[in-house]
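What follows is a short report on a single structure.
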Amino acid sequence: MNAPPPCVFCEILAGRLPSSRVYEDDLVIAFTDIRPLTPGHLLVIPREHAGCLDELDEDLGARVFTVASRLARALRRSGFCAGTDMFLADGALAGQEVFHVHLHVIPRYPGDGFRLKARARTPDRDALDATAGRIRQAAGPLLPD
């Protein structure tokens, strides 16, 4: 039986693959995406491997988001862009391609062509309330009172 291919982000962390690092500390690193959607597109990843959000320690996830937020501010302050989008795909159906949690920080420019395209729906209040109730029930043990 063949072993799965090594995680590309773990290979970057181990120094076996190159990266253009922007930031690093004991918990996370941030580097430029090799297939940027816009110039300056960054990825922020935890040093500890977590294939999906269910596997990611909450405090480490908070650190990933904090670093991403600060880098987004740095991108704007540097004049690199006028705004940013952040995107995290969790699971294959969500479009995750590398199964090591990573948060995209995508600089936005006028006319950059980047769009999240979806068809908005307009459910009635009863449907929204039912959805909220289902989520509340599942989240009960996960969220503080």
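The values are calculated or read from the model by the stated rules, or taken from the named source; none is laboratory data. Predicted model only: the values in this text are computed from it and were never measured. Neighbour counts run over all protein chains shown; Cβ positions are idealised from the backbone, glycine included. These accessible areas exclude ligands, DNA and RNA; they are computed on the full protein's heavy atoms, side chains included. Shrake-Rupley method; radii C 1.70, N 1.55, O 1.52, S 1.80 Å.
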*asked:* Taking the Cα centroid of the range 69-88 and of the range 1-40, what is the distance between the two, rounded to the nearest whole Å?
replied: 19
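Checking a compactness column here: for the range 24-64, what do you get for Rg(Cα) / (2.2 N^0.38 Å), N being the number of residues? Intermediate values should be presented prior to the final figure.
Numbers: Rg = 11.3 Å, N = 41, 2.2 N^0.38 = 9.0 Å.
Dividing the Cα Rg of the range 24-64 by 2.2 N^0.38 Å gives 1.25.
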*Output the direction-averaged projected area (hull surface divided by four) of the convex hull of the alpha-carbon atoms of the range 67-131, in nm².*
6.9
_Given the whole protein assembly as supplied and a 1.4 Å probe, what does the accessible area of GLU97 come to in Å², nearest 10?_
130
*So which cysteines of the chain have no other cysteine's Cβ under 4.7 Å from theirs?*
CYS52, CYS81
*What is the Cα radius of gyration of the range 1-106 over 2.2 N^0.38 Å, N being its residue count?*
1.06
*Can you give the accessible area per residue of the chain, in Å², using a 1.4 Å probe?*
70
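Could you order CYS81, CYS10 by accessible surface area, starting with the largest, using a probe radius of 1.4 Å? Write down the numbers at each step before the final one.
Details: CYS81 15, CYS10 40 Å².
Order by accessible area, largest first: CYS10, CYS81.
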_How tilted is helix 125-139 with respect to the longest principal axis of the chain? Cα atoms for both, answer in degrees (0 to 90, nearest 10)._
60
